[in-house]
Structure formats: C-alpha cells, structure tokens
Amino acid sequence: MIEHYSVLHREVAEFMKNLKEGFFIDATVGGGGHSYLILKQNPNVKLIGIDKDDYALNVAQEKLKDFEGRFWLVKSSFKDIDKVVEKFNVKPVVGVLFDFGVSHFQLKLPRGFSFQREEPLDMRMDTSSSLTAYEVVNFYPEHHLLKILTDYGEEKFAKRIVKSIVDYRRKKRIETTKELADIVYKSYPPNLRHSRIHPATKTFQAIRIEVNNELKEIEEGLEKAINITDKEGLILAISFHSLEDRIVKNTFKKYKELKFLEILTKKPITPKEDEIEENPASRSAKMRVARRI
C-alpha cells in the first residue's frame, strides 16, 4: 500500500511500468513511497535512494525492508547525484525521479516548516547544516530579505512584510513560526487576510528555499541527472510551485535543443480530483517527464 503522500503515484507508475534492467535513482527518497512502487513494479531494477534528511532515510529503510538487497540509501544532496553514481559504480542508470519540496512527514516534525503550529524557526531539511530560518529572519539585512521574498516567494507585499519583520526584530528576536506568521498576517491588507491560502505561505516558502539552497540545487541536480542517465532512461521531476517548474521546463528545453532529451509531457501532468481530495497538499504538484536519447 503506497502512502497517500506519494504524489502522482499512479502517473509515476504508468511511466515506470517498462523499465529496462539497471539502476533507478530516487533522488528525493523521502519516506520511500515512490521507491516502494518502483521496486515492486520492476523486479529487474535496483534502486539508489538519496536524501539529505536522516529521519527520511530511516523511514525509507523501514518502508523498503521487503526489498532488502535491491536498494541502497545514501545521505546526500541530489546536487551531488554524479558523486553518488561514481561512488557506488551505478550503471546503467535507467531513470531518475525528483520530488521537490517538503515531504509529508517533514511537515509533521517540529522543524518549523509549518505555520500551523508554534515551533522553533528552523526549516532545515538537513539538520546538520548550519543556516536556519532563525538566522535568516533575525540577521539578514533588510535588502537581502526583500530580495528573498520577492525572488523566491513572488510575494507582492514583500516590502510591507520585510519592514514589519525589521521593526519587530529591533525590539526582540523572532523565535517561532507563529511569531513570524503573525507578523506576516498583520502586514497583509485586512481584506486579503482570510483568503484560501494563508498570507504567510509565500514568505515561509521563500525562507525555506533560502535555508536549503533549493533552486540552485534543483538546477544542478537536474543537469547532472540528465548527464548520468543512459539512453532511453527516464527523468521525472515533480515540482510544487512556479519557480521549481520553470527550472524543470527550461532545463528540459535546453537539453532537448542539445539533442540529449525527448520531452514526453507537452504540458505538465497534474493530480486528478480524487488524489487532491485524498491529499490536498498535492493540488499544486506538476510533473514533467523526459527521455534520454
């Protein structure tokens, strides 16, 4: 049984049903939901699962225990996918899957990803890294914060929010997710505070991207994945906001023009209504798929 938070699992399964013998790389293994599906569906395939989150790797290890001997889990960033392939002598690579963003269980842990609960401002996917949301919110200069919220959050009220953050932190440090969410909420025009999407959503997204260096890692990881995948191998990328999707779209287009890729999805694949109903967090997911040529 695949957990409900394995986004687009039916659509992933459809593309994966005829994999050649070799290695598949789940570059964002998370809780192992997609990996379970790939191993179950393709008995001729072995799998390397990569994640920078120790907790995720422990969850995945338990999830995949029925396939002992056919999978190896590695703590790493997917931007170093080439080093992982070299270290484990992984060949041929018949496919790579990326599922960007925060996983279901990361949102459940007290890591500061969610503004629904009061938690320390952390937002690290790799808890051994040094930069936290606390440092970003309390110590980044005003102009740097403004750039992050504008570029990574596409937040149209970025100036108001940043001014409020800077004014607040002059009096005291911002310690928790609830403190930050309240500051953002009060910075929004009153008539826009009660829309379906919480006012703090884009600010939290922007800070999380900064803490985890997400966009640069996506670009680097995708390019390396294309280069290490064998001919006829698949590259699947699931993104959750326009910035991620734009990188995937532009990278695929670039490598299509270089005659490295055939793009299999003219438009991104999105979840069906029943999946969104079961898992509302999947509503913004978009998957693009390409094949090495």
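Hey, which of the strands (runs of 3 or more DSSP E) in segment 183-293, taking only ones fully inside, have at least 1 residues that are under 16 Å from the mean Cα position of the chain (by Cα)? Outline the logic, then answer.
On the way: elements: 234-239, 261-263, 286-292.
Because the criterion is at least 1 residues that are under 16 Å from the mean Cα position of the chain (by Cα), the strands (runs of 3 or more DSSP E) in segment 183-293 that meet it are 234-239, 286-292.
Whether any residue in segment 218-238 is in contact with a Ser or Thr (Cβ under 6 Å, 6 or more places away or on another chain) and either closer than 30 Å to A133 by Cα or among the charged types (D, E, K, R) (or both) is what I want to check.
Checked segment 218-238: at least one residue is in contact with a Ser or Thr (Cβ under 6 Å, 6 or more places away or on another chain) and either closer than 30 Å to A133 by Cα or among the charged types (D, E, K, R) (or both).
Is one or more of the residues making up segment 159-177 within 16 Å of the chain's Cα centre (by Cα), assigned to a helix (DSSP H, G or I) and in the same structural domain as P141 (by TED's automatic domain parsing)? It would help to see each step written out before you state the result.
Residues of segment 159-177 within 16 Å of the chain's Cα centre (by Cα): none.
No, that holds for no residue.
Could you tell me which numbered condition Y140 fails, if it satisfies all but one of (1) aromatic (F, W, Y); (2) free of Cβ contacts under 8 Å to residues at least 24 places away in the same chain; (3) within 30 Å of V45 (Cβ to Cβ)?
Of the numbered conditions (1) aromatic (F, W, Y); (2) free of Cβ contacts under 8 Å to residues at least 24 places away in the same chain; (3) within 30 Å of V45 (Cβ to Cβ), the odd one out for Y140 is (3).
Just checking, which of D66, D51, D82 is crowded, with 18+ Cβ neighbours inside 10 Å and of a type in the set (D, E, K, R)?
Working: D66 fails: crowded, with 18+ Cβ neighbours inside 10 Å; D82 fails: crowded, with 18+ Cβ neighbours inside 10 Å.
Residue meeting the stated conditions: D51.
Which residue, of K87, K65, is of a type outside the set (S, T, Y), out of contact with any Asp or Glu (no Cβ under 9 Å at 6 or more places or on another chain) and at pLDDT 95 or above? Walk me through it before giving the result.
Values: K87 fails: at pLDDT 95 or above.
Just one listed residue meets the conditions, K65.
If only one of I235, I226, I269, I247 is of a type in the set (A, V, I, L, M, F, W, C) and under 18 Å from G33 (Cβ atoms), which one is it?
Working: I235 fails: under 18 Å from G33 (Cβ atoms); I226 fails: under 18 Å from G33 (Cβ atoms); I247 fails: under 18 Å from G33 (Cβ atoms).
Exactly one residue qualifies, and that residue is I269.
The values are calculated or read from the model by the stated rules, or taken from the named source; none is laboratory data. Predicted model only: the values in this text are computed from it and were never measured. A quick note on method: Cβ atoms are made from the backbone with ideal geometry, for glycine too, and the neighbour counts reach across all protein chains shown.
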